[in-house]
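Worksheet: one structure, shown below.
Only the coordinates and a few stated rules stand behind these numbers; no lab work does. The structure presented is a predicted model; accordingly, all values stated were derived computationally and were not measured. Don't worry about glycine lacking a Cβ; one is built from the backbone with ideal geometry, like all the others, and counts go over all protein chains shown.
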Amino acid sequence: MMEHPDPPFTGACLCGAVQVTLTAAPLLTLACHCRGCQKLTASAFSLTTMFPRDAFSCTGAVIKGGLGTGGRAHYFCKSCLNFVYSQIEGAPQRINLRTTVLDDAASFDPFVEVMTDEKIPWANVPAVHSFAKYPESYEALQTLMDAYAAR
Ligand SMILES: [Zn+2]
Ligand SMILES: [Zn+2]
């Protein structure tokens, strides 16, 4: 049984210039296997811990990276270029923090994996829910968040 630590949570980029604080419990944890995430993270998949936007604070200079398309803004530390978080245009009330920024990243194992259509075959994660693409609606996402909260 995984421990579920209580907020607040803290984290930092590789060089420490960007510091984050989260004052609420996470809404959902995800791994994304899409090709874009593989390239953005220079890894086999991205890890996201989703928080309410108003529970998120960030100090230090960040710059936008990635393609800047698809209504997704990806923010990186200006000094070390560590990928820190993303803001989705259609979801201004939520923030997608890169899980590995968190000091206690091991406690935020991915509950959901998405875009398994593009998954590298050996890149397995212990997600409880898998999607070939993305959850199809806001209701489907809300159901996942409810299940995550109840775990
Ligand atoms: Zn940095
Ligand atoms: Zn992705």
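Residues are listed down the side, and each one gets a yes or a no for (1) under 15 Å from the mean Cα position of the chain (by Cα); (2) within 25 Å of Thr21 (Cα to Cα):
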| position | (1), (2) |
| --- | --- |
| Pro92 | yes, yes |
| Phe111 | yes, yes |
| Val114 | yes, no |
| Asp117 | no, no |
| Val128 | no, no |
Report the residue count in region 37-55 for those that are out of contact with any Leu (no Cβ under 7 Å at 6 or more places or on another chain), in contact (Cβ under 8 Å) with a residue 12 or more places away in the chain and under 20 Å from Cys77 (Cα atoms).
7
For Ala17, work out the one condition from (1) closer than 27 Å to Arg151 by Cβ; (2) more than 16 Å from the chain's Cα centre (by Cα) it doesn't fulfil.
(1)
For region 90-97, check the following and say yes or no: at least one residue is within 16 Å of ligand 1 (Cβ to nearest atom) and either acidic (Asp, Glu) or surrounded by 15 or more Cβ atoms within 10 Å (Cβ to Cβ) (or both).
yes
Inspect all residues belonging to region 24-41 and state whether any of them is away from ligand 2 (no atom under 16 Å from the Cβ), part of a loop (DSSP other than H, G, I, E, B) and exposed (fewer than 13 other Cβ atoms within 10 Å of the Cβ).
no
Sole residue being touching a residue at least 60 places away in the same chain (Cβ under 8 Å) and out of contact with any strand residue (DSSP E or B) (no Cβ under 7 Å at 6 or more places or on another chain), chosen from Pro92, Pro5, Pro110:
Pro5
